[in-house]
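Here the structure is laid out as structure tokens; the discussion comes afterwards.
All of the numbers you see were taken from the coordinates with simple rules; none came from a lab. Note that the structure is predicted; figures quoted are calculated from it, not measured. Cβ placement follows ideal geometry from the backbone for every residue including glycine, while neighbour counts extend to all protein chains displayed.
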2 protein chains.
Amino acid sequence: MHILITGAAGMLGRKLADRLVRDGGLGGREITRLTLADLNPPSAPAGFGGTVTPLAADLAQRGTGAKMVAHRPDVIFHLAAIVSGEAEADFDKGYAINLDGTRDLFDAIRAQDGYCPRLIFASSIAVVGAPLPSPIPDEYHTTPLTSYGTQKAICELLLADYTRRGIFDGIGLRFPTVCIRPGTPNKAASGFFSNILREPLVGQPAILPVPDTIRHWHTSPRSAVGFMIHAATMELSAVGPRRNLSMPGVSATVADQIEALRRVAGDQAVALIERRPDPLITAICQGWAPGFEARRARELGFTSEDDFEQIIRVHIEDELERRA
Amino acid sequence: MHILITGAAGMLGRKLADRLVRDGGLGGREITRLTLADLNPPSAPAGFGGTVTPLAADLAQRGTGAKMVAHRPDVIFHLAAIVSGEAEADFDKGYAINLDGTRDLFDAIRAQDGYCPRLIFASSIAVVGAPLPSPIPDEYHTTPLTSYGTQKAICELLLADYTRRGIFDGIGLRFPTVCIRPGTPNKAASGFFSNILREPLVGQPAILPVPDTIRHWHTSPRSAVGFMIHAATMELSAVGPRRNLSMPGVSATVADQIEALRRVAGDQAVALIERRPDPLITAICQGWAPGFEARRARELGFTSEDDFEQIIRVHIEDELERRA
């Protein structure tokens with residue numbers, strides 16, 4: 001079995017490749033080849049016995065899709081995208097990569113005769129925009145308030161149409177915000193959700209720029225990878241033509257996050273959080289999704305954590321203990 | 001004031017141009033110039049004192065957008081598209097015209113400095129797909145089951161994003177099925193909705209290929225033109241970022257249509273309808289929208305007929321009496 005990951009150098013791409021190698025197979029089939037595509041493709045994951053092809057791929061260039069599917073991967077995880085802030089700052093680049101780059105990949109699949117891979121697309125909760133109900137039903141309309149969310153919503157529509165036409169067997173996953181992101185604090189507007197947990201867990205201070213009443217929708221990196229594995233192996237005929245699913249997650253306020261941290265790591269960890277309100281970040285967050293019903297996804301077997309304490313414990317197991 | 005109509009040779013494009021010329025102005029401003037763009041552009045409407053520019057424009061060709069907005073029309077009615085059946089039969093042509101052609105127009109507007117026209121986009125109820133509630137709420141998601149519906153839904157997303165960015169002041173109108181279409185019977189799957197009324201009204205037979213329990217969503221050509229005039233002149237700041245609106249209409253079963261015909265034209269007209277069931281057309285119709293709440297559009301001042309008898313009377317006034 002040959003698997004292609006686009007955006008393979010990103011946090012989720014790396015974790016997905018590691019998981020595939022750990023599992024050794026996908027849906028009971030041995031993985032013999034991994035194509036890892038990115039601007040600067042990552043090296044081979046440790047312990048993989050098959051062939052790894054690192055592929056330098058720039059989705060802003062037309063023809064990149066053809067290069068990526070030239071060897072007809074059986075399963076494609078399409079994670080490559082530029083992030084929300086960059087897509088908002090650079091209109092042309094956002095559309096060129098997130099929309100046209102995805103379409104270039106889709107059309108490259110279409111151009112190959114007798115080829116119909118499973119395609120898992122990383123969509124985003126940014127496809128919805130305020131004002132929003134809580135929780136958001138599966139049938140709620142997509143009215144994004146960013147160019148990034150617009151591009152993801154458009155790709156969802158393309159994915160459903162190309163799937164309906166038999167060009168590939170696609171499924172789009174609307175990921176919750178992934179928390180706790182490993183690594184160092186970044187300047188993304190959503191970065192604080194991870195920072196206020198990850199840093200205090202290792203004795204470092206962190207800044208909270210929003211009121212602790214802000215409610216948002218989260219899942220762990222482990223669950224996010226789990227969604228992709230499930231999407232790659234599940235029976236899709238039961239899904240029907242509505243191929244874009246809001247993934248399950250944990251709806252939590254910042255106060256819920258902080259109390260979960262207190263239960264796991266005590267008052268001394270919570271004391272490392274410094275409240276420094278930022279009106280701009282607060283305004284941005286207030287437009288974000290508070291949570292989804294995710295009824296269809298749960299019925300189809302997708303699972304996430306039940307509460308924020310579990311999300312923190314997953315981080316400790318996967319990032320702190322495994323690396324210790 | 002300079003007005004551009006794309007798809008000006010189509011039924012709605014012609015009726016819109018006629019109405020603009022009859023009104024003499026738009027929103028209290030005199031119309032001095034009309035640009036009528038189409039593959040084979042129509043001639044000038046009778047009685048117009050301003051400048052008419054027929055523009056041969058093929059949206060399958062890149063650069064057509066720049067040609068259409070070179071003289072910076074104040075208001076753009078973007079009606080040009082290939083229809084549902086053709087977009088389904090020809091994948092490439094559908095995407096090239098309905099999606100890329102629209103984006104070419106949008107980007108041509110963006111390329112002009114200091115230019116921000118009002119843009120009215122003809123969307124469609126094909127952006128939704130079965131299974132559907134009745135009526136469909138404004139917040140219902142778009143899960144089209146045709147490439148045409150996919151292309152319209154994508155253009156809605158682009159319209160909202162380009163509007164949010166200040167590139168133009170856009171509004172998308174999801175037209176109900178327009179009934180009674182003037183002209184001769186056509187082979188579109190939806191053609192019978194008009195045929196079974198228009199033909200008997202002039203003593204001609206018509207074929208009904210579906211059970212009379214089929215429920216669908218209709219408006220008259222006069223109301224459809226009225227939606228566009230209202231969209232071009234209303235205050236849009238109150239609409240906010242959700243710029244795509246399901247227009248009001250009449251939700252009626254085929255039996256409702258037939259009873260309205262009986263009230264207007266008697267049993268002898270109804271007797272001209274021959275029931276000849278077509279399983280394929282019946283299956284297609286069962287996936288169509290039964291009706292919309294259209295709450296936001298009504299609150300914003302869009303109006304349609306109240307029942308099917310009014311729709312028939314509009315046809316008699318506008319097509320039979322005016323031409324008599």
Most positive-pole-ward Cα, A:A232, A:F175, A:L261, against dipole of the range A:174-261 from beta carbon charges
A:A232
Ellipticity estimate at 222 nm from DSSP helix runs (n ≥ 4, -39,500 (n - 2.57)) divided over chain A, nearest 500
-10000 deg cm²/dmol
What's the exposure ranking of A:S123, A:S190, going from fewest to most Cβ atoms within 10 Å?
A:S190, A:S123
Of the residues A:L79, A:P133, A:G101, the Cα lying farthest along the dipole of the range A:76-137 towards its positive end, which is defined by charges on the beta carbon of Lys, Arg, Asp and Glu, belongs to A:P133
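So if a site counts as exposed when it's one of the trypsin sites (Lys or Arg not before Pro), its DSSP state isn't H, G, I, E or B, and it has at most 15 other Cβ atoms within 10 Å, what's the longest stretch of chain A without one? Walk me through the numbers before you get to the answer.
Details: sites that count: A:R62, A:R165, A:K187, A:R322, A:R323.
Excluding the exposed sites themselves, the longest stretch runs over A:188-321.
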Given the range A:21-118, what percent of its DSSP beta bridges are antiparallel, to the nearest 5?
20 percent
Mind checking which of A:H216, A:P205, A:L245 is farthest towards the positive end of the range A:183-294's charge dipole, using Cβ charges of +1 (Lys, Arg) and -1 (Asp, Glu) about the Cα centre?
A:L245
According to a simple spin-label model (label point 7 Å from Cα along Cα-to-Cβ), what is the distance in nm between A:D18 and B:R313?
7.2 nm
Cα-based equivalent ellipsoid, the range B:195-324: semi-axes from gyration tensor eigenvalues, Å
30, 19, 11
Give me the log10 of I(q) over I(0) for the protein assembly as shown at q = 0.07 Å⁻¹, as the Debye formula computes it from C-alpha points; what are the numbers?
-0.50
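Within 11 Å, Cβ to Cβ, of B:V210, how many net charges do the neighbouring residues add up to if Lys/Arg are +1 and Asp/Glu are -1?
Values: positive: B:R215, B:R275, B:R276; negative: B:D212, B:D278.
Net of charged neighbours comes to +1.
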What is the distance in Å between the Cα centroid of the range A:1-29 and that of the range A:69-103?
18 Å
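For B:C285, B:C116, B:C179, what's the fewest-to-most ordering of other Cβ within 10 Å of each Cβ? Mind showing how you got there, number by number?
Numbers: B:C285 20, B:C116 15, B:C179 29.
Listed from fewest to most nearby Cβ atoms, that is B:C116, B:C285, B:C179.
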Based on alpha-carbon centroids, what's the gap between the range B:112-145 and the range A:281-324 in Å, whole number please?
32 Å
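Charges at C-beta only: +1 for Lys and Arg, -1 for Asp and Glu. How large is the resulting dipole of the range A:1-105 about its Cα centre, in Debye rounded to 20? Display every interim value, and only then the final one.
Values: 11 positive and 12 negative charges, 88 e Å.
Computed about the Cα centre, the dipole is about 420 debye.
About its Cα centre, how strong a charge dipole does the protein assembly as shown have in debye, to the nearest 20, once Lys and Arg get +1 and Asp and Glu get -1 at the Cβ? Mind showing how you got there, number by number?
Working: 68 positive and 74 negative charges, 129 e Å.
So the dipole magnitude of the protein assembly as shown works out to roughly 620 debye.
Mind scanning B:K93/B:K152; A:K15/A:K93; A:K93/B:K93; A:K67/B:K93 and naming the pairs with a C-alpha gap bigger than 22 Å?
On the way: B:K93/B:K152 14 Å; A:K15/A:K93 26 Å; A:K93/B:K93 26 Å; A:K67/B:K93 25 Å.
Beyond 22 Å between Cα atoms: A:K15/A:K93; A:K93/B:K93; A:K67/B:K93.
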Let me check I've understood the local charge: for A:A46, count other residues with C-beta under 11 angstrom from its C-beta, Lys and Arg +1, Asp and Glu -1. What total comes out?
0
Can you tell me the dipole magnitude for chain B around its Cα centre, using point charges on the Cβ only (Lys, Arg +1; Asp, Glu -1), in Debye to the nearest 20?
500 debye
Tail weight of P(r) past 34 Å, computed on alpha-carbon pairs of chain A, percent
21 percent
Lys and Arg at +1, Asp and Glu at -1: neighbours of B:M228 with Cβ under 13 Å from its Cβ sum to +4
Please report the antiparallel percentage of the DSSP beta bridges confined to the range B:121-263, to the nearest 5.
30 percent
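Counting only DSSP beta bridges with both residues in the protein assembly as shown, tell me the antiparallel percent, nearest 5.
Values: 13 of 83 bridges.
If I count the DSSP bridges inside the protein assembly as shown, around 15 percent turn out antiparallel.
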